Structure formats: structure tokens, C-alpha cells
Amino acid sequence: MDNFSAAPDVDAVVIGAGFSGLYATKRLRDIGLAVRAFDAADGVGGVWTWNRYPGARTDSLHETYCFTFDKDLVNEWSYTEIHPGQAEVLEYLNLIADRFDLRRHYTLTTTVTSAVFDEATGLWNFLTDKGESLTAKYFVTGLGLVSAPILPNVPGLEEFEGEVYHTSRWPETPVEFDGKRVAVIGTGSSGVQFVSTVVDQARELTVFQRTPNWVAPTGNRPVTAQEIEEIRANHDEVCRLVRNHPAGWPWEMVDRKCVETPAEVREAMFEEAWEEGGFALLYKTFSDLSTDKAANDIVCAWMAKKIASIVEDPEIAKKLTPTHPYGAKRPPAADGYYQAFNKSHVRLVDIKEEPITGFTKKGIRTSQGEFEVDVIVMATGFDAITGAFTRMDIRGVGGKELNDHWSEGPLTYLGLGVAGFPNMFMVAGPQSPFANLPPGAQEQGNWIADLIVHMRENGIEFVQPTEQAEIEWTKHLTEVAESLMTRYGLEANSWFAGANIEGKPRAFNVYFGGHAAHTDLCAAEAAEGYPHFEKVAKVAELA
Ligand code: N01
């Protein structure tokens, strides 16, 4: 069987126009590949083209929510806020597309529906929803962690006569809430940002909560000219910190234990970190909050007191207080979230006590009655991490379906490749680190480009991780997640563990060993000549 008996239409197909896809497209083009890239949206920007809901902003820090490969760009661009809002991140990603001439590679408003590896030609065959078919030697995904939205599995939504929105499919034209009765279902990162933003616009706001979250303030504010100057002057140091931090944050790791710190000292530190906002509480206070349940209980008790001090009605405060450890599920950040529940036009419905049973013409029906509303906002999240893959038809060697391969949860090596799916590479895919995204997208995009260069220089036509490597990576990843508070993810309905969706395999979908550890492992894999990958010249030689 000859390899490439038919010439491919292009060298590589990339799916996705967010941070991951844009950078992969750039790197592959820069090493001389002919690249076609696709995205279902009508513009570049990935998750930021879809998640336009009021209040949408990143909780990453401005100086790290960007690429670092181009010093000129670092010196020319800066966000205006500490935690950039949706419009500004979208502007940045559009700038990336223009500045690096990436648009010409992209076909937008187009979904790749299938990717099938053809052993006869050694090529990937792609089909799009616009009826185009094409072939490529390499297949690179930048599908995004949270790109496959879900809706509540209860009947009657089509009967509702008001407006319905999902936070991740928000219209470009602004939605008016003034004077309206608004229902929000879901209290994850999107829901709490939305609630905090529209609370003073809506006439009535009813929040349907399934699992409460530990919601820290954001600490957002404008970035000062002096801060921008300092960041530019010390940019190498910012990069070093990000490179070495588990979450890709520009912070040194602390080395002090909560359980060994006197109560008044730790409370002062919690208070300071709470004021700073976002992830400061988790990363800037103590090293044992994620590893030691006793330490985590201390910070949770402190936050529970905080919630009780903000929310005037003790019953509501209790309902808003999580029972899961901090970090068991992805903690959101929003300003004024708990304060919203002190307003007379805001109601909280605990759907564990009072389940939603359906939608009606006029609103939402629960086990205890009907809530009449004008607008329903679904902030119900995603079939996260794996959903964007399993909604596609992806088949590897021997017609093996990715869906079958992942029937009990994702199996990859380093989150970068899958056994039986040669020359398919993933950026920010399942089992890659859960961390600030752009640094990982840049590291992983570089790693994939370097591997392809290595293949070219060594007469290697096909690579894929070995099955053993996948098994070991999944075992390691699971052990890491089990050693941290993430082990409580199942009971907290965490999407980290697939637990937000009934029937989804319960498995850890992301790597919690951190950005730094993952980057080290990837670097070692490359330096040692990719020992965990099969590397062959002919497709028939693949195991
Ligand atoms: O989604 P989520 P999200 N009936 O899955 C509830 C990133 N992000 O869009 O917790 C009723 O977190 C569900 O309840 P439960 C970030 O990584 C970042 O908010 O599963 N409720 C939950 O409350 C984030 O983690 C930013 O019990 C239902 C909510 O809906 C990820 O995207 C901003 C339900 C979904 O929360 C996803 O965030 C926004 C049902 N049938 C997003 N199904 C920032 O950077 C689900 N829920 C700040």
C-alpha cells in the first residue's frame, strides 16, 4: 500500500479560530505547510465570538491572556482592564488574525462534520456542512473547552412565548432587559457574571440554582499606564512566572500551609486575597488548599461566613453556600453576585428542593408552581472538553470511532494525540491542563509544529501515541485529580469530571498537574525523540 497515492488537497486542516486554532494555523503555515482552517462562527475569536452575554469577561489576568511570541505585539497591545471583557478579547484575536495574515487560511461559518482517516491514501478526509470535501496529511484541532452548549432536559421549551437565550449563543444585537421579568438557569461562571450584570436592569430576576458556587469578587479595574510600562519592561519575568505556575498565572507559588497558620493571620490573608479577587484566594494564600481537605475546610468556612455577612436573609445565604470543597469544581468570579440577592426584585430558586419540571407558554414550571417571565437565559453550560469532539464523526485507523475509543472518558497522551488516530493533534484538547489558556495554546502549538518538523527531517510520515502511553497518561492524570480537591468533583456536578451531564462518562477530562508540569513533560518528550509515539514511514506499519 503506497502512502499518499493521492496528493492531499492541503498539508493540514485546522479546526477552530480561537487562541488554539489561530496559533496552530500560524505555526503550521510558518513551517511551510499549506493550511486550511475552519470555524463554525462567522468571525475569528472562538469562544469569544459566541459568549457575548452581558458580563462576559475572562478571569485570567490581562498581561497573560495573550500570546507572547511577538515582542513587538507585546509592546504595542494592551488590554484596558485587569480582567478583559469579551469585546476586547475578541478585538485582540481579530488583531492576531490580521497582523499575522491568518484570515486567508480560514473558511468561516462552516462546520467540519467528519474527519476520517483513509488507510489507502494515508490522508485525513474531511466533510463540511457546506458540502465541501477535502484531504490533508495533518489534522489539528482547536475546538475549545466549552463550545458544545447544553440545555435542560425538560419538556416544553418550544411552547414558551417569550425570549430564550443561551449564554454561549448570544446574539450580536444587544438584548434589552429593562422592565422585563428575567429567569436565569445556571450559576456557573456565565450565570454569576450575567446575574451580577443585569440585576439592575431587570424588573424581576429569578435565579434557578442547581449547585451553589464559591463566587469570589473579580478585583477588576482599569489597567494603569504605569502597570503596562512595568509589564513591558519585565516581560521576560512575566513569561518565566507564567511558564512555572500550575495555572499559567504570573505569580510565584506560595510555600506556606493554612493548617499551620494562626487563625487571625490566615483570616487577614484570606481577606486581602478576597479583595484582590479572582484566583488570588486559591493561589496567593496557602499551598495546601487544593491538597489538604482540612485546609480547604478552613477556607470554605471563612467564605461561608463571608457569604453570610453579605446576604441579609440567612435562609438565602445558606442556599447560596456550597457544600463542596473550594476547587472541586471550577470556581467563578463576579462582582456583586451575593449582594444581588439582597434586592427585593431578585429571587433564588433552589432546584434541588424544587426541580424544574418543564417550560410553559408563560415561563418555567417547577414542582411547586409556575414562574411567569419574559426572558429565559440558559446559563446551563456545556458538554465540556469532549463534547466538541464527540459531536463530530472522527474515525481513525480501521474505522475506529473516537466516540467508541472514548466511551468511558477521553484517552490521549498528554492531551496532544490519540492512539489509532495518526497525525491528529489537539491543542487544549481533553486531558490537557486546565489553566490560563493562551500560554498553553502557544506551547502546544509550538510542540505540534516542532513534531511535524521532526517528522519531515527524519522521514517519518505518521505518528500516533502508543496505547500504553495513553493508559499511563490517563492513570497519572486520574491519580493527580484524585489527590486534589477535584476528587470531590462528582458530587459537585463538576464538568471537570463529566458530572454536569446525565449519562456522560465519569472521568477526569482535564489534567490538574498544571501548565508547568505539562510543559516540562512535553519538552522532555520532544527532547527524547518522542519515545511515547509510534513513528513510521508507511501507514501499514502502524500497530
Ligand atoms: O457553565 P457551567 P458556564 N437544570 O457548567 C447549571 C468557562 N467560563 O457556562 O453546577 C438546571 O460552569 C449547572 O448546575 P450544576 C469556565 O471555565 C469562564 O457557567 O451542574 N441547572 C451550573 O450551575 C467555566 O467553568 C468564564 O449542578 C443546570 C450551570 O448550569 C466554563 O466556561 C466565564 C442544568 C452551568 O455552569 C463553563 O461555564 C464563563 C439543568 N438541566 C465561562 N444543567 C470566565 O473566565 C446545568 N445547570 C470568568
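The values are calculated or read from the model by the stated rules, or taken from the named source; none is laboratory data. All of these numbers come straight from a predicted model, not from anything done at the bench. Virtual Cβ from ideal backbone geometry, glycine too; neighbours counted across all protein chains shown. To get the accessible areas, we keep the full protein, side chains included, count just its heavy atoms, and leave off ligands, DNA and RNA. Shrake-Rupley method; radii C 1.70, N 1.55, O 1.52, S 1.80 Å.
Exactly one residue out of VAL510, VAL463, VAL453, VAL427 is open to solvent by less than 40 Å² (accessible area, probe 1.4 Å) and within 16 Å of the ligand (Cβ to nearest atom): that is VAL510. Every listed requirement among (1) of a type outside the set (D, E, K, R); (2) within 21 Å of the chain's Cα centre (by Cα); (3) modelled with pLDDT under 95 is met by ALA120 save one, (2). Applying a threshold of 6 Å to beta carbon distances and a minimum spacing of six or more residues, or different chains, the list of pairs starting in segment 139-157 at a residue that is among the aromatic types (Phe, Trp, Tyr) and open to solvent by less than 10 Å² (accessible area, probe 1.4 Å) and ending at one that is at pLDDT 90 or above and not in a loop (DSSP other than H, G, I, E, B) reads PHE139/VAL13; PHE139/ALA115; PHE139/TRP124; PHE139/MET424.
Looking across segment 228-278, just one residue is touching an Asp or Glu at 6+ places or on another chain (Cβ under 9 Å) and polar (S, T, N, Q), and that is ASN244. Applying the criterion of being part of a loop (DSSP other than H, G, I, E, B) and closer than 29 Å to GLY445 by Cα to the residues of segment 137-167, the residue that is farthest from the ligand (Cβ to nearest atom) is GLY142.
Selection over segment 70-101 of residues that are touching a residue at least 60 places away in the same chain (Cβ under 8 Å), within 23 Å of the chain's Cα centre (by Cα) and surrounded by 15 or more Cβ atoms within 10 Å (Cβ to Cβ) gives a count of 8. Can you confirm whether segment 494-510 contains a residue that is assigned to a helix (DSSP H, G or I) and free of Cβ contacts under 8 Å to residues at least 12 places away in the same chain? No; the residues of segment 494-510 include none that is assigned to a helix (DSSP H, G or I) and free of Cβ contacts under 8 Å to residues at least 12 places away in the same chain.
Scanning segment 405-428 for residues that are in a loop (DSSP other than H, G, I, E, B) and either more than 22 Å from the chain's Cα centre (by Cα) or of a type in the set (A, V, I, L, M) (or both) yields a total of 11. Within segment 360-377, the residues that satisfy the criterion of being crowded, with 22+ Cβ neighbours inside 10 Å and within 12 Å of the ligand (Cβ to nearest atom) are ILE364, ILE376, VAL377. Here segment 470-503 is the region considered, the condition is being of a type in the set (Ser, Thr, Tyr) and away from the ligand (no atom under 16 Å from the Cβ), and the residue that is farthest from the chain's Cα centre (by Cα) is SER483. Is it fair to say THR224 is surrounded by 20 or more Cβ atoms within 10 Å (Cβ to Cβ) and over 30 Å from ALA379 (Cα atoms)? In short, no. Entry remark, segment 123-138: residues being touching a residue at least 24 places away in the same chain (Cβ under 8 Å) and closer than 17 Å to ALA34 by Cα number 8 in total. In the set VAL215, VAL242, VAL254, VAL238, only one residue is within 30 Å of GLY179 (Cα to Cα) and either more than 13 Å from the ligand (Cβ to nearest atom) or under 27 Å from the mean Cα position of the chain (by Cα) (or both); that residue is VAL215. Residues in segment 378-404 that are more than 16 Å from the ligand (Cβ to nearest atom), part of a helix (DSSP H, G or I) and surrounded by 21 or more Cβ atoms within 10 Å (Cβ to Cβ) were compared, and the one that is farthest from the chain's Cα centre (by Cα) is LEU402. When segment 349-359 is limited to residues that are touching a residue at least 60 places away in the same chain (Cβ under 8 Å) and not in a strand (DSSP E or B), the one that is most open to solvent (accessible area, probe 1.4 Å) turns out to be LYS352.
Whether any residue in segment 24-32 is surrounded by 18 or more Cβ atoms within 10 Å (Cβ to Cβ) and within 16 Å of the ligand (Cβ to nearest atom) is what I want to check.
First, pick out the residues of segment 24-32 that are surrounded by 18 or more Cβ atoms within 10 Å (Cβ to Cβ): 24-29.
Adding the requirement that they be within 16 Å of the ligand (Cβ to nearest atom) leaves none.
Checking segment 24-32: not a single residue is surrounded by 18 or more Cβ atoms within 10 Å (Cβ to Cβ) and within 16 Å of the ligand (Cβ to nearest atom).
Of all residues in segment 197-218, those satisfying the criterion of being crowded, with 17+ Cβ neighbours inside 10 Å, touching a strand residue (DSSP E or B) at 6+ places or on another chain (Cβ under 8 Å) and of a type outside the set (S, T, N, Q) are VAL198, VAL199, ALA202, GLU204, LEU205, VAL207, PHE208, VAL215, ALA216, PRO217. The set of residues from segment 329-348 being in a strand (DSSP E or B) and either acidic (Asp, Glu) or in contact with a Leu (Cβ under 8 Å, 6 or more places away or on another chain) (or both) comprises VAL346, ARG347, LEU348.
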